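Have a look at the structure below, then the notes.
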Amino acid sequence: MIVRILGEGQFDVDDAHVARLNELDDALEKAIEADSETEFALALAALLEQVRTVGVAHDADAIDVSDAVLPYAEATLVEVRELLADDGLIPG
């Protein structure tokens, strides 16, 4: 899976990590639904950190479509709410 973090680039994430990314995505969605800035900031940071940790930087010269697009680290709750699809940020 190719995951883009806006402003940082793309990361190749092995499918073995998708379930954990979905758990973190669910936590982010719940924080947004609760309209909790604190929970939102923690959940977004955890999701981005997980991608950075388990992912490998995607070749910057490659032109490949991302399977998931995540907001930049400083994104606001309102901005991320607008990005969310019905099934969250992480497909699957």
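Every residue, every condition in (1) closer than 19 Å to residue 16 by Cβ; (2) in contact with an Asp or Glu (Cβ under 8 Å, 6 or more places away or on another chain); (3) not aromatic (Phe, Trp, Tyr), yes or no:
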{"residue": "31", "(1), (2), (3)": "no, yes, yes"}
{"residue": "37", "(1), (2), (3)": "no, no, yes"}
{"residue": "68", "(1), (2), (3)": "yes, no, yes"}
{"residue": "72", "(1), (2), (3)": "no, yes, no"}
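With the requirement that a residue be among the β-branched types (Val, Ile, Thr) and more than 11 Å from the chain's Cα centre (by Cα), what does the stretch 3-17 give you?
13
Within the stretch 45-67, being surrounded by 12 or more Cβ atoms within 10 Å (Cβ to Cβ) and within 15 Å of the chain's Cα centre (by Cα) holds for 45, 46, 47, 48, 49, 50, 51, 52, 54, 55, 66, 67. Could we say that residue 32 is more than 17 Å from residue 13 (Cβ to Cβ) and not in a helix (DSSP H, G or I) here? When the stated conditions are applied, residue 32 does not pass them. Scanning the stretch 48-58 for residues that are over 12 Å from residue 4 (Cα atoms) and not polar (S, T, N, Q) yields 49, 54.
In the stretch 21-38 there is no residue matching the filter, namely being farther than 17 Å from residue 84 by Cα and surrounded by 11 or more Cβ atoms within 10 Å (Cβ to Cβ). Count of the stretch 51-79 residues, restricted to those that are free of Cβ contacts under 8 Å to residues at least 60 places away in the same chain and either on the phi > 0 side of the Ramachandran plot or in a strand (DSSP E or B) (or both), is 2.
Throughout, read-outs are computed from the coordinates displayed, never taken from laboratory work. The model shown is predicted, which means the values in this text are computed figures rather than measured ones. FYI the Cβ positions are ideal-geometry reconstructions off the backbone, even for glycines, and counts take in every protein chain you see.
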